Amino acid sequence: GECSAFKERFMECLRHSGYESAACRQRAMAYLECRMDRRVQLMANEPLEKLGFKDLINEKSEEKPEKS
């Protein structure tokens, strides 16, 4: 149940989008990150790029402000 909040947000997004998974990729990625980050290893660590989230990772890094 450690990642149930992430799963619920993802499922809610799916319901609201008419089950269009593409509209919920950000939440899907957060859910998978949660599963990989937990100490009990709910899921084997895999680079998110290999799981099909390379474009979202690039967007995330572009949003971060540069350090001066």
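The values are calculated or read from the model by the stated rules, or taken from the named source; none is laboratory data. Predicted model only: the values in this text are computed from it and were never measured. For neighbour counting, all protein chains shown are included, and Cβ atoms are generated from backbone atoms with ideal geometry for every residue, glycine included. Ligands, DNA and RNA are stripped out before the accessible areas are found, and what is left, the full protein with its side chains, is counted by its heavy atoms. Shrake-Rupley method; radii C 1.70, N 1.55, O 1.52, S 1.80 Å.
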Accessible surface of region 3-60 [probe 1.4 Å, protein heavy atoms]: carbon and sulfur percent: 51 percent
Roll a 1.4 Å probe over the protein chains and send me the accessible area per residue for region 3-60 in Å². 69 Å²
What does the charge count near CYS13 come to, summing +1 for each Lys or Arg and -1 for each Asp or Glu among other residues with Cβ under 12 Å from its Cβ? +2
What is the Cα coordinate range of region 3-60 on the first, second and third principal axes, sorted by size from largest, in whole angstrom? 32, 26, 15
